[in-house]
Each structure stands twice: as C-alpha cells, then as structure tokens.
Amino acid sequence: MFRSAKVIESIERHGWRQTFFLLSIIAFFLSFTTSLSIGPVNISTLIILKSIGEQMGLKLGTIRTSDYIIITQLREPEILGAAAVGAALGVGGAVIQSIFRNPISEPYITGVSSGATLGAVIAIVFGITFLGIFTLPIFAFMFSILVVSTVYFLSMRKGRTPPVVFLLTGIAISLFATSFVALLLYSKPALENRIFYWILGSLSGISWTEDLLVVPVVVITSIILGSMYKQLNALQMGEVHARSVGVNAERSKIIAIALTTVAVSAAVSISGLIGFVGLIFPHVSRLLYGGSNKYVIPSSAILGATFLILCNDIAHSIIRSEVIPIGIITGLIGVPFFMLLMMKISNRGYYSA
Amino acid sequence: MLELDEIQFKRGNLQIGPLNLSVSTGEILSICGKNGSGKTSTLIAINGYIPLLSGKITVDGRDLKSMKPRDIARKISYVQQEIPEPMGFNVMDVMEISGFTRPGSREDVLEALALCGVEKFIDRDFVTLSGGEKRMVSIAAGIYQNSEYIMMDEPTSFLDLDKINKLSGILKVLKSSGKGILLVMHDINLAYRISDSIVLMKEGKVLVGGTKENVMNIKNLEIVYDAKFGQYNSPEGTRFYPLDIDFNRLNGFEEAREYLQHS
C-alpha cells in the first residue's frame, strides 16, 4: 500500500514537471509567432501564419510582397536572434552557477562581457572595417574568447582551476578590460553614443546571416551542455565529491566553460550586453523544477528565449517607430517579475534554508 | 586490497608521509589522531585531488594514476566530512550523483536510504534536512555508489547517540557484505569497538598501526593526543578516556587561563 502510493505520487510529480515544460514550450512558440505582428507596420496573425506556411512550401493564399518581406527578412531573424541570445544566456547561467557553486554568478563573470565590449570598442574606436559589417561582432567574439582564456590560464594552479581563484581572476581581468574600454572611450568621446548603445544591448537589425552563424552554435552547445547534466550536478557538490563519484572534474569543467564561452560570446557579439537573463532564469527554473540540471538547463534555455522575445516586443512597442535598447527592458520588466516569483514560492526548499 | 605505498604529499604547510597502510575487503581500518595530523588529507590524496610527491596508491595491484576516474569510482567511494550545500537538489538528486557509474532505479536508491533510516526524505530538499539527516544521506549515497571500498571521514559528526548506534550497524552490514572500509574517527572507543585495525597518525606520519589490540593502549594514545589517558574494563570491553582537569576545581577566570597557558 505504502509503496504503491509512493509510485503514484512520483508519477504525479514527474507528470507535473512534464506538463509545465510542455506549457513553457507552447509559450515560447506562441510568443515567437505573435511577436511577428509587432512593429511599425501592423500585420495580422492570419497573414503571419500564411507567410510561415509559404516559407514551408505551402500555398495558403495571397500575401502582399511587402508584408512577406517584413515578416521573413526583418522580423523573423530578429526574433530568432532574440531566442538564441536568451537561450545562450540562460544555459550559460545554469552552467556557470553549477561549476562555481555560486548562486550569484552568471555567464558574464568569466570575462565574456568585458572581453566582448573591449573587442567591439576597439573595432569602433579604431574604425576597423576590413571584415565588412561583421567586423564588430567578430571582434567582440574573438576578444571575448581571448579574455576568458586568459582568465582560465591565470587561474590555473597545478593543473587545476579552483573556483574561487577563477571567480576572482574573472572579476579582476574583467575590470582590467573595462579600464581599457574606459580609456578608449575617453580618447574618443565622439563615439560614446555608438558604444553606449552597444553596451546597453540591442537586437534590432539582426539578419539571417548572423542567425545562421549564431543559432547553430547556440543550439549545438546547449544540447551538449544539457547532456552533461550529470557531470554538472556532481560538480555542484564540489570537485572532490565529483571525482569520488567518477567524474573527470577538471575535464568536464573545461569543456563546459569552453562551450558556454563560445555560445555566450557568439550571442553577445550580435546583441551587445544583455544582463539579468543569465543570472535569473536558472533560479526561476530551480524554483519551478528543483535543482537538477536535467531540468534546469533546458528550462533556462526555453524561459530565457521566451523572456527575450517578449522584452524585444516591449522594446519595439513603447515608443512608436523607435526601439529602446533591450538591456533597459530586461531589467525594468525582469526584476519586478522575479521578485514577485520569489515572494510566491521562495518559502520552500533551498531558497528558504 | 587498497594499498598506500610510501606515499608523500603536501597540504598547505603540512608535509605528510611517507605513509604505508592497506585495507582489505571485509576489513574496517580506522585512522585516529589529533586535529591537523593529516587524516582527512590522506583520504583526499586517495581521492586523487592532492597530487602525490612520491609513492603510489594501488587498488588490487593497479596504480590509481593509470585508472580513469570512472574506474576508480567503481572501486572506491568517499563520504566527505564536509556536507555540501547544493542549490535546490532533493535527496534523490544527491543520490543519483553518486550513481554516476552505476545507474540504478528509484528502488535501489530507496534501499540504500532505508539502510541508513532516511528513506522517507527521498523527495525532500537536501539543504532543509538536519545535520544528522544530511550525514545519513551522504553515507547512504556513498553506499549507493556500490564500490568495493568505502572511505568515511568522521562519519559520526552531526549524529546523535541513536544514529551513532545505527552507524555501527550500517558498518557491520557493509563489512559483512565484503566491503573494505577506511574510516577517519575522533571517537577512539567507537573505533576500538568496530575496527579490525587502527592507525594512529601524528604530525603527518603514522605513529603506529596494526591490529587494534596492539595499537590501542594508554601509552600510544598519550603520545598521539599529548594528553593523559585512563582506561577501565567494562563488561562491553575496554574503554579509554582522557583524564581531563576537574572543571570544578579550577578557581575562576585567572586559574583557568593559567591552566590553558600551561597545557
């Protein structure tokens, strides 16, 4: 009797998780499609569905060419970009928090953001353009990787990178890179505006070409990181514990950090700095599903993506025919939402202990 | 056999070794000694987190250095003294982590938890358990790993009297099922009751090791702990106890401080 009750209870619990996950996927697709109607030109949902059908090779009726181009060439790549950036930040946050066993860390802490900013600012200030319109994202990406690698090698102690040393080195090197940014800004005050916008983060104007480069990177790294959930869970218990249960702690750590860095750098290179997502959605996911990365990683991806799509909509809607930098919206909308959620369900488990 | 062969390593400023000791399957070996004598460091060195300066650690004749982490985990599990505070893991999650090399069902997990009397907590958030409950879950996780050898660092810490008795039973079950058990113990009388062999460590070195009857006597204990010891023989066996100062005899603050300065 006792045992069967337990089994039923277990099914109910897992069923609840699955239902919730399914709901968040539906929310993601709903926000994706409805967001296509948001912008300076009003386009009805019917036309959106028709255009999506046409892209998939279905003839569902006539659509105005201008509408079709707005949907497929302007709005779709931007929304897809928003989703990719949100997912990369969400997954990155979950991974970094697990590795550093630190609830207040986020993917930028390893130097990704300051490195990307430095790269972008160098490209802007020195007027480097030899890579065409991709100069800025490529510079941001390369410098981001460079800075994180520097942090990694500087925190190496006898073939290991102790989390505390890594975190402190990350913060110190980030500050160092940021000082260079400040110096460059100081030397060319005329460019402040452009750099300021980059730092605030913006998704407008993301093209299919950028998506083709970034989306596969984010999808592949997220799938690999999601499949490493057992190793990441073990690392969250500490490196000695991870070793004792059979995890190659240092190797898992370097793989996870490298994948996260590539994904987040790629994302940041097309969006600029967008805060909050990487810190908060892993926590939201833990509040919803419990702490195992088996759920936290996929959920952070979906929630991060959905959240950025919605923030992008708001960025488009507040002032007509103008887009507010999305980094402003994520904080203004995200923080009250998160505080509300914390109040609602933080009376149990880890968050109350 | 788990064997430490002339191993030497450094932890902080403490030079440890050369150490020799071995644990066989079906045997309980306890390491005792003062705080900072290198007991925990020895376990961490076996875990591989502290690199050896010389010597080697073998299990069934194979050098741990040549083994993959997975294969080592199938041979040796390690219940640490510190209990981690993972973000939001429930007890099941904690147990599954120890099942990294041996995927098992919820029933298998429940069995290991039930041995330690904590099966009712399987869906509880780990960090909300009491210290003793967390300790029992960590021990259950070490058992669930199903390795041939199991190391436990201060398994009695955080446990109440009832759970310490339970621990003796658990260790007996493990020993009888053929596990080799390596313990770090502060409770010398418990160590004396349950162990086959005892190793006394002092300042990073083995002072004396061997069968418990040969090792445990007042002379050795006094050297290891730098304190006076007494013993009495009860019907349950010999008990050792430190001859501490009489609390009530020390007359006030000055005399107590005087005593501390000279001890």
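Here are the numbers:
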quantity	calculated
Qualifying positions in the stretch A:207-223 - without any contact (Cβ under 8 Å) to a residue 40 or more places away in the chain and open to solvent by 80 Å² or more (accessible area, probe 1.4 Å)	A:Leu212, A:Ile220, A:Ile223
Residue satisfying condition, being modelled with pLDDT under 95 and either within 14 Å of chain B (Cβ to nearest Cβ) or open to solvent by 10 Å² or more (accessible area, probe 1.4 Å) (or both), within set A:Gly238, A:Gly246, A:Gly226	A:Gly238
Check on A:Ser4, farther than 24 Å from A:Ser292 by Cβ, at pLDDT 85 or above and among the hydroxyl-bearing types (Ser, Thr, Tyr)	no
Residues that are at pLDDT 95 or above, part of a loop (DSSP other than H, G, I, E, B) and more than 10 Å from chain A (Cβ to nearest Cβ), drawn from the stretch B:99-116	B:Cys116
Candidates B:Leu207, B:Leu190, filtered to the one that is out of contact with any His (no Cβ under 9 Å at 6 or more places or on another chain), part of a helix (DSSP H, G or I) and surrounded by 13 or more Cβ atoms within 10 Å (Cβ to Cβ)	B:Leu190
Any chance B:Glu96 is under 30 Å from B:Phe121 (Cα atoms) and either assigned to a helix (DSSP H, G or I) or within 7 Å of chain A (Cβ to nearest Cβ) (or both)	yes
Candidates B:Leu129, B:Leu167, filtered to the one that is surrounded by 16 or more Cβ atoms within 10 Å (Cβ to Cβ) and modelled with pLDDT under 95	B:Leu129
Residue match in the stretch B:172-185 (condition: surrounded by 15 or more Cβ atoms within 10 Å (Cβ to Cβ) and more than 29 Å from B:Asn20 (Cα to Cα))	no
Close pairs (8 angstrom Cβ cut-off, 6 or more residues apart or separate chains): away from chain A (no Cβ under 13 Å) in the stretch B:42-63, part of a strand (DSSP E or B) and open to solvent by 70 Å² or more (accessible area, probe 1.4 Å) anywhere	B:Ser54/B:Glu6; B:Gly55/B:Glu6; B:Lys56/B:Glu6; B:Ile57/B:Glu3; B:Thr58/B:Glu3; B:Val59/B:Glu3; B:Asp63/B:Lys56
Exclusive hit being modelled with pLDDT of 95 or more, open to solvent by less than 10 Å² (accessible area, probe 1.4 Å) and not hydrophobic (A, V, I, L, M, F, W, C), set A:Gly111, A:Gly86	A:Gly86
Subset of the stretch A:157-204 [farther than 17 Å from A:Ala120 by Cα, open to solvent by 70 Å² or more (accessible area, probe 1.4 Å) and of a type in the set (A, V, I, L, M)]	A:Val164, A:Leu168, A:Ile171
Total residues in the stretch B:83-93, condition part of a loop (DSSP other than H, G, I, E, B), within 9 Å of chain A (Cβ to nearest Cβ) and open to solvent by 20 Å² or more (accessible area, probe 1.4 Å)	2
Search result, residues across the stretch B:210-263 that are open to solvent by 50 Å² or more (accessible area, probe 1.4 Å), assigned to a strand (DSSP E or B) and over 26 Å from B:Asn20 (Cα atoms)	B:Gln231, B:Tyr232, B:Asn233, B:Arg239, B:Tyr241, B:Pro242
Hey, A:Lys253 part of a helix (DSSP H, G or I) and facing another protein chain (nearest Cβ under 9 Å) or not	no
Pair list, Cβ < 7 Å and 6+ apart or interchain, from the stretch B:3-23 residues that are on the phi > 0 side of the Ramachandran plot to residues that are open to solvent by 70 Å² or more (accessible area, probe 1.4 Å) and part of a strand (DSSP E or B)	B:Glu6/B:Asn20
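Okay, residues lined up against (1) surrounded by fewer than 22 Cβ atoms within 10 Å (Cβ to Cβ); (2) in contact with a Lys or Arg (Cβ under 7 Å, 6 or more places away or on another chain):
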residue: B:Arg11; (1), (2): yes, no
residue: B:Leu21; (1), (2): yes, no
residue: B:Ser30; (1), (2): no, no
residue: B:Gly33; (1), (2): no, yes
residue: B:Gly55; (1), (2): yes, no
residue: B:Asp63; (1), (2): yes, yes
residue: B:Ala73; (1), (2): no, no
residue: B:Ile76; (1), (2): no, no
residue: B:Gln81; (1), (2): yes, no
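The values are calculated or read from the model by the stated rules, or taken from the named source; none is laboratory data. The model shown is predicted, which means the values in this text are computed figures rather than measured ones. Note that we place each Cβ from the backbone using ideal geometry, even for glycine, and neighbour counts take in every protein chain shown. All accessible areas refer to the heavy atoms of the entire protein, side chains included, with ligands and DNA or RNA removed. Shrake-Rupley method; radii C 1.70, N 1.55, O 1.52, S 1.80 Å.
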